[in-house]
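So the structure is just underneath, and the comments pick up after that.
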Amino acid sequence: MHFSSRVTASASPSMNSSSFLLTGFSGLEQQYSWISIPFSTIYTMVLLGSCLVLHVIRTEPSLHQPVFYFLAMLALTDLCMGLSTVHTVLGTLWGLSQEVILDACIAQSYFIYGLSFMESPILLAMAFDRYIAICHPLHYSSILTNNKIMKIGMAVLCRSTLLIPPVIIRLKFLNYCRPHILSHSFCLHQDLLRLACSDIRFNSYYALMLVICTLLLGAILILFSYVLILKSVLAIASQEERHKSLQTCISHICAVLVFYIPIISLTMVHCFGKHLSPIVHVLMGNIYIVFHL
(Lines give C-alpha, C1' and ligand atoms only; values in the text may rest on other atoms or scores of the structure.)
Protein backbone atom coordinates (compact mmCIF):
# COMPACT_ATOMS: atom_id res chain seq x y z
CA MET A 1 0.00 0.00 0.00
CA HIS A 2 1.27 3.49 -0.80
CA PHE A 3 2.63 5.48 2.15
CA SER A 4 0.12 8.34 1.82
CA SER A 5 -2.79 5.93 1.89
CA ARG A 6 -1.46 4.34 5.05
CA VAL A 7 -1.24 7.76 6.67
CA THR A 8 -4.85 8.44 5.73
CA ALA A 9 -5.95 5.07 7.03
CA SER A 10 -4.08 5.64 10.28
CA ALA A 11 -5.73 9.00 10.79
CA SER A 12 -9.21 7.62 10.18
CA PRO A 13 -11.61 6.66 12.97
CA SER A 14 -11.23 2.98 12.09
CA MET A 15 -7.65 2.96 13.24
CA ASN A 16 -6.92 1.44 16.64
CA SER A 17 -7.15 4.38 19.08
CA SER A 18 -4.06 3.16 20.93
CA SER A 19 -1.89 2.93 17.80
CA PHE A 20 0.39 5.52 16.22
CA LEU A 21 2.04 5.76 12.82
CA LEU A 22 5.77 6.40 12.59
CA THR A 23 6.37 8.45 9.43
CA GLY A 24 10.17 8.70 9.52
CA PHE A 25 11.46 11.02 6.80
CA SER A 26 8.13 12.21 5.43
CA GLY A 27 8.40 13.12 1.76
CA LEU A 28 11.48 10.95 1.17
CA GLU A 29 9.73 7.58 1.08
CA GLN A 30 11.17 6.75 -2.36
CA GLN A 31 14.69 7.06 -0.94
CA TYR A 32 14.11 4.91 2.15
CA SER A 33 16.10 1.99 0.73
CA TRP A 34 19.11 4.29 0.36
CA ILE A 35 18.60 6.08 3.68
CA SER A 36 18.46 2.72 5.44
CA ILE A 37 22.03 1.89 4.36
CA PRO A 38 23.85 4.46 6.56
CA PHE A 39 21.43 3.85 9.44
CA SER A 40 21.95 0.06 9.23
CA THR A 41 25.71 0.58 9.09
CA ILE A 42 25.71 2.94 12.08
CA TYR A 43 23.55 0.64 14.21
CA THR A 44 25.71 -2.38 13.34
CA MET A 45 28.93 -0.53 14.16
CA VAL A 46 27.55 0.87 17.42
CA LEU A 47 26.13 -2.44 18.64
CA LEU A 48 29.26 -4.42 17.74
CA GLY A 49 31.56 -1.65 18.97
CA SER A 50 29.81 -1.37 22.34
CA CYS A 51 29.88 -5.16 22.80
CA LEU A 52 33.60 -5.20 21.89
CA VAL A 53 34.41 -2.39 24.36
CA LEU A 54 32.53 -4.17 27.15
CA HIS A 55 34.22 -7.50 26.33
CA VAL A 56 37.75 -6.02 26.22
CA ILE A 57 37.31 -4.10 29.48
CA ARG A 58 35.89 -7.20 31.16
CA THR A 59 38.61 -9.60 29.99
CA GLU A 60 41.70 -7.35 30.13
CA PRO A 61 42.94 -6.98 33.75
CA SER A 62 45.05 -3.90 32.92
CA LEU A 63 41.85 -2.03 32.03
CA HIS A 64 40.23 -2.63 35.41
CA GLN A 65 40.63 1.03 36.32
CA PRO A 66 38.06 3.73 37.19
CA VAL A 67 38.27 5.56 33.85
CA PHE A 68 37.56 2.32 31.93
CA TYR A 69 34.71 1.36 34.26
CA PHE A 70 33.07 4.68 33.42
CA LEU A 71 33.76 4.04 29.74
CA ALA A 72 32.04 0.65 30.11
CA MET A 73 28.98 2.39 31.61
CA LEU A 74 28.92 4.76 28.63
CA ALA A 75 29.22 1.84 26.19
CA LEU A 76 26.38 0.03 27.98
CA THR A 77 24.05 3.05 27.64
CA ASP A 78 24.95 3.28 23.92
CA LEU A 79 24.19 -0.42 23.49
CA CYS A 80 20.82 -0.11 25.24
CA MET A 81 19.95 3.03 23.26
CA GLY A 82 20.67 1.17 20.01
CA LEU A 83 18.60 -1.85 21.04
CA SER A 84 15.67 0.34 22.11
CA THR A 85 15.43 2.24 18.80
CA VAL A 86 16.79 -0.06 16.07
CA HIS A 87 13.53 -2.02 15.55
CA THR A 88 11.35 1.03 14.82
CA VAL A 89 13.95 3.01 12.85
CA LEU A 90 14.92 0.17 10.51
CA GLY A 91 11.36 -1.21 10.53
CA THR A 92 10.14 2.14 9.17
CA LEU A 93 12.93 2.51 6.61
CA TRP A 94 12.58 -1.10 5.39
CA GLY A 95 8.78 -0.85 5.23
CA LEU A 96 8.31 -3.72 7.69
CA SER A 97 6.16 -1.92 10.23
CA GLN A 98 5.29 1.70 10.87
CA GLU A 99 2.50 1.21 13.39
CA VAL A 100 3.30 1.19 17.11
CA ILE A 101 0.87 0.81 20.01
CA LEU A 102 0.77 3.46 22.74
CA ASP A 103 2.30 1.26 25.47
CA ALA A 104 5.26 0.32 23.24
CA CYS A 105 5.66 3.97 22.23
CA ILE A 106 5.71 5.09 25.87
CA ALA A 107 8.22 2.35 26.74
CA GLN A 108 10.54 3.42 23.92
CA SER A 109 10.23 7.07 24.97
CA TYR A 110 11.15 6.06 28.52
CA PHE A 111 14.30 4.24 27.40
CA ILE A 112 15.38 7.07 25.08
CA TYR A 113 15.09 9.74 27.77
CA GLY A 114 16.19 7.52 30.64
CA LEU A 115 19.37 6.48 28.85
CA SER A 116 20.06 10.06 27.72
CA PHE A 117 19.81 11.28 31.30
CA MET A 118 22.19 8.49 32.37
CA GLU A 119 24.91 9.72 30.00
CA SER A 120 25.14 13.16 31.60
CA PRO A 121 26.16 11.96 35.12
CA ILE A 122 28.49 9.35 33.60
CA LEU A 123 30.28 12.11 31.68
CA LEU A 124 30.38 14.12 34.92
CA ALA A 125 31.90 11.13 36.72
CA MET A 126 34.53 10.86 33.96
CA ALA A 127 35.32 14.58 34.39
CA PHE A 128 35.71 13.96 38.13
CA ASP A 129 38.01 11.04 37.32
CA ARG A 130 40.21 13.28 35.14
CA TYR A 131 40.23 15.97 37.85
CA ILE A 132 41.43 13.53 40.52
CA ALA A 133 44.00 11.94 38.17
CA ILE A 134 45.55 15.29 37.21
CA CYS A 135 45.06 17.45 40.30
CA HIS A 136 45.43 14.78 43.03
CA PRO A 137 47.34 11.89 41.42
CA LEU A 138 48.75 10.57 44.73
CA HIS A 139 45.24 10.08 46.15
CA TYR A 140 43.67 8.71 42.96
CA SER A 141 43.52 5.04 43.98
CA SER A 142 42.29 5.83 47.50
CA ILE A 143 39.52 8.19 46.33
CA LEU A 144 38.15 6.23 43.34
CA THR A 145 37.88 2.76 44.84
CA ASN A 146 35.84 -0.03 43.24
CA ASN A 147 33.23 0.38 45.98
CA LYS A 148 32.80 4.09 45.22
CA ILE A 149 32.59 3.44 41.48
CA MET A 150 29.85 0.86 42.12
CA LYS A 151 27.97 3.43 44.23
CA ILE A 152 28.32 6.04 41.47
CA GLY A 153 26.96 3.55 38.93
CA MET A 154 23.99 2.68 41.17
CA ALA A 155 23.30 6.39 41.81
CA VAL A 156 23.26 7.08 38.04
CA LEU A 157 20.84 4.19 37.46
CA CYS A 158 18.56 5.12 40.37
CA ARG A 159 18.44 8.79 39.37
CA SER A 160 17.08 8.05 35.90
CA THR A 161 14.84 5.27 37.19
CA LEU A 162 13.19 7.64 39.67
CA LEU A 163 13.17 10.97 37.78
CA ILE A 164 11.96 9.92 34.32
CA PRO A 165 8.79 7.84 35.07
CA PRO A 166 6.52 10.71 36.31
CA VAL A 167 6.68 12.58 33.01
CA ILE A 168 6.57 9.43 30.84
CA ILE A 169 3.80 7.57 32.71
CA ARG A 170 1.50 10.58 32.33
CA LEU A 171 1.59 10.06 28.55
CA LYS A 172 -0.57 6.98 29.12
CA PHE A 173 -3.44 9.10 30.48
CA LEU A 174 -3.47 11.93 27.93
CA ASN A 175 -6.30 12.26 25.41
CA TYR A 176 -4.84 11.98 21.89
CA CYS A 177 -7.57 13.58 19.77
CA ARG A 178 -5.36 14.65 16.86
CA PRO A 179 -4.36 12.24 14.02
CA HIS A 180 -2.04 9.60 15.47
CA ILE A 181 0.87 10.40 13.16
CA LEU A 182 4.34 10.78 14.68
CA SER A 183 6.94 12.72 12.74
CA HIS A 184 9.89 10.41 13.52
CA SER A 185 10.78 6.74 13.21
CA PHE A 186 10.85 6.44 17.00
CA CYS A 187 8.76 7.80 19.88
CA LEU A 188 9.74 11.10 21.47
CA HIS A 189 8.01 12.63 24.47
CA GLN A 190 7.43 16.01 22.80
CA ASP A 191 6.16 14.32 19.62
CA LEU A 192 3.38 12.61 21.60
CA LEU A 193 2.54 15.85 23.45
CA ARG A 194 1.77 17.58 20.14
CA LEU A 195 -1.01 15.06 19.50
CA ALA A 196 -2.68 15.51 22.91
CA CYS A 197 -5.69 17.68 23.66
CA SER A 198 -5.27 17.28 27.42
CA ASP A 199 -3.50 19.68 29.76
CA ILE A 200 0.21 19.07 29.11
CA ARG A 201 1.63 21.75 31.42
CA PHE A 202 2.92 19.18 33.92
CA ASN A 203 4.86 17.35 31.20
CA SER A 204 6.25 20.58 29.76
CA TYR A 205 7.33 22.08 33.09
CA TYR A 206 8.64 18.80 34.49
CA ALA A 207 10.68 18.12 31.34
CA LEU A 208 12.12 21.65 31.51
CA MET A 209 12.99 21.13 35.17
CA LEU A 210 14.78 17.87 34.32
CA VAL A 211 16.83 19.57 31.60
CA ILE A 212 17.83 22.43 33.93
CA CYS A 213 18.49 20.35 37.05
CA THR A 214 20.31 17.47 35.36
CA LEU A 215 21.72 18.30 31.94
CA LEU A 216 22.44 21.99 32.55
CA LEU A 217 23.77 21.42 36.06
CA GLY A 218 25.91 18.54 34.76
CA ALA A 219 27.35 20.75 32.02
CA ILE A 220 28.21 23.48 34.55
CA LEU A 221 29.95 21.00 36.87
CA ILE A 222 31.90 19.49 33.96
CA LEU A 223 32.98 22.97 32.88
CA PHE A 224 33.99 23.81 36.46
CA SER A 225 36.05 20.61 36.73
CA TYR A 226 37.95 21.51 33.56
CA VAL A 227 38.61 25.02 34.87
CA LEU A 228 40.28 23.40 37.90
CA ILE A 229 42.13 20.93 35.64
CA LEU A 230 43.39 23.74 33.40
CA LYS A 231 44.50 25.73 36.43
CA SER A 232 46.43 22.73 37.73
CA VAL A 233 47.96 21.94 34.33
CA LEU A 234 49.16 25.54 33.82
CA ALA A 235 50.99 25.28 37.13
CA ILE A 236 53.10 22.42 35.76
CA ALA A 237 56.54 23.70 34.78
CA SER A 238 57.30 21.22 31.99
CA GLN A 239 55.54 21.91 28.68
CA GLU A 240 55.75 18.21 27.79
CA GLU A 241 53.95 17.24 30.98
CA ARG A 242 51.28 19.88 30.31
CA HIS A 243 50.69 18.46 26.85
CA LYS A 244 50.54 14.89 28.21
CA SER A 245 48.05 15.85 30.92
CA LEU A 246 45.75 17.65 28.50
CA GLN A 247 45.95 14.77 26.00
CA THR A 248 44.31 12.45 28.52
CA CYS A 249 41.25 14.76 28.52
CA ILE A 250 40.75 15.06 24.74
CA SER A 251 38.61 11.92 24.33
CA HIS A 252 36.38 12.93 27.24
CA ILE A 253 35.95 16.48 25.92
CA CYS A 254 34.91 15.05 22.53
CA ALA A 255 32.38 12.75 24.23
CA VAL A 256 30.94 15.72 26.15
CA LEU A 257 30.58 17.78 22.96
CA VAL A 258 28.98 14.86 21.08
CA PHE A 259 26.45 14.50 23.90
CA TYR A 260 25.55 18.13 24.58
CA ILE A 261 25.62 19.74 21.11
CA PRO A 262 22.85 17.51 19.59
CA ILE A 263 20.61 17.68 22.67
CA ILE A 264 20.94 21.49 22.89
CA SER A 265 20.31 21.82 19.16
CA LEU A 266 17.22 19.57 19.33
CA THR A 267 15.85 21.53 22.29
CA MET A 268 16.38 24.85 20.48
CA VAL A 269 14.66 23.55 17.34
CA HIS A 270 11.63 22.28 19.28
CA CYS A 271 11.33 25.50 21.34
CA PHE A 272 12.08 28.16 18.74
CA GLY A 273 11.92 26.41 15.37
CA LYS A 274 8.18 25.94 14.92
CA HIS A 275 8.40 27.92 11.64
CA LEU A 276 11.04 25.55 10.24
CA SER A 277 10.26 22.78 7.77
CA PRO A 278 9.11 19.50 9.40
CA ILE A 279 12.08 17.75 7.77
CA VAL A 280 14.41 19.88 9.95
CA HIS A 281 12.72 18.56 13.11
CA VAL A 282 12.97 14.99 11.78
CA LEU A 283 16.64 15.39 10.88
CA MET A 284 17.48 16.88 14.29
CA GLY A 285 15.64 14.03 16.04
CA ASN A 286 17.57 11.42 14.07
CA ILE A 287 20.88 13.24 14.57
CA TYR A 288 20.12 13.29 18.30
CA ILE A 289 19.56 9.51 18.37
CA VAL A 290 22.55 8.70 16.13
CA PHE A 291 24.96 10.81 18.19
CA HIS A 292 23.71 9.22 21.40
CA LEU A 293 24.33 5.69 20.18
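The values are calculated or read from the model by the stated rules, or taken from the named source; none is laboratory data. All of these numbers come straight from a predicted model, not from anything done at the bench. Every residue, glycine among them, receives a Cβ derived from its backbone with ideal geometry; neighbour counts consider all protein chains shown.
Residues in the stretch 76-106 that are among the aliphatic types (A, V, I, L, M), surrounded by 21 or more Cβ atoms within 10 Å (Cβ to Cβ) and either within 19 Å of Val156 (Cα to Cα) or touching an Asp or Glu at 6+ places or on another chain (Cβ under 7 Å) (or both): Met81 alone. The residue list His281, His252, His189 contains one member that is touching a Ser or Thr at 6+ places or on another chain (Cβ under 8 Å), closer than 28 Å to Val156 by Cα and either touching a residue at least 24 places away in the same chain (Cβ under 8 Å) or among the polar types (S, T, N, Q) (or both), which is His189. If you check Ser10, Ser26, Ser14 for being at pLDDT below 85, assigned to a helix (DSSP H, G or I) and either of a type in the set (Ser, Thr, Tyr) or within 22 Å of Leu188 (Cβ to Cβ) (or both), only one passes: Ser10. Annotation: of all residues in the stretch 34-53 being more than 19 Å from the chain's Cα centre (by Cα) and in contact (Cβ under 8 Å) with a residue 24 or more places away in the chain, the one that is nearest to Asp78 (Cα to Cα) is Ser36. Out of all the residues in the stretch 206-250, which are modelled with pLDDT of 80 or more and of a type in the set (Ser, Thr, Tyr)? Answer for the stretch 206-250, where residues must be modelled with pLDDT of 80 or more and of a type in the set (Ser, Thr, Tyr): Tyr206, Thr214, Ser225, Tyr226, Ser232. Applying the set (1) touching a Cys at 6+ places or on another chain (Cβ under 6 Å); (2) crowded, with 17+ Cβ neighbours inside 10 Å to His252 leaves exactly one unmet item: (1).
Tyr113 fulfils the conditions (1) modelled with pLDDT of 90 or more; (2) out of contact with any strand residue (DSSP E or B) (no Cβ under 6 Å at 6 or more places or on another chain); (3) closer than 14 Å to Leu188 by Cβ except for a single criterion, (1).
Kindly evaluate His270 against the criterion of being under 21 Å from Thr23 (Cβ atoms), assigned to a helix (DSSP H, G or I) and at pLDDT below 70. Against the criterion (under 21 Å from Thr23 (Cβ atoms), assigned to a helix (DSSP H, G or I) and at pLDDT below 70), His270 qualifies. Across the stretch 54-79, the qualifying residues are those that are among the β-branched types (Val, Ile, Thr) and more than 16 Å from the chain's Cα centre (by Cα), and the one among them that is nearest to Asn146 (Cα to Cα) is Val67. The set of residues in the stretch 155-184 being in a loop (DSSP other than H, G, I, E, B), within 18 Å of Asp199 (Cα to Cα) and not aromatic (Phe, Trp, Tyr) consists of Leu174, Asn175, Cys177, Arg178, Pro179, His180. Residues of the stretch 59-75 that are surrounded by 12 or more Cβ atoms within 10 Å (Cβ to Cβ) and in a helix (DSSP H, G or I): Leu63, Pro66, Val67, Phe68, Tyr69, Phe70, Leu71, Ala72, Met73, Leu74, Ala75. Are any of the residues in the stretch 31-41 out of contact with any Lys or Arg (no Cβ under 6 Å at 6 or more places or on another chain), assigned to a helix (DSSP H, G or I), aliphatic (A, V, I, L, M) and exposed (fewer than 12 other Cβ atoms within 10 Å of the Cβ)? Yes, the stretch 31-41 has at least one match. If only residues of the stretch 273-289 that are surrounded by fewer than 17 Cβ atoms within 10 Å (Cβ to Cβ) and assigned to a helix (DSSP H, G or I) are counted, the one that is modelled with the lowest pLDDT is Pro278.
Return the residue satisfying two criteria in turn: it lies in the stretch 178-202 and is out of contact with any strand residue (DSSP E or B) (no Cβ under 8 Å at 6 or more places or on another chain) and among the charged types (D, E, K, R), and of such residues it is surrounded by the fewest Cβ atoms within 10 Å (Cβ to Cβ). So the residue we want is Arg201.
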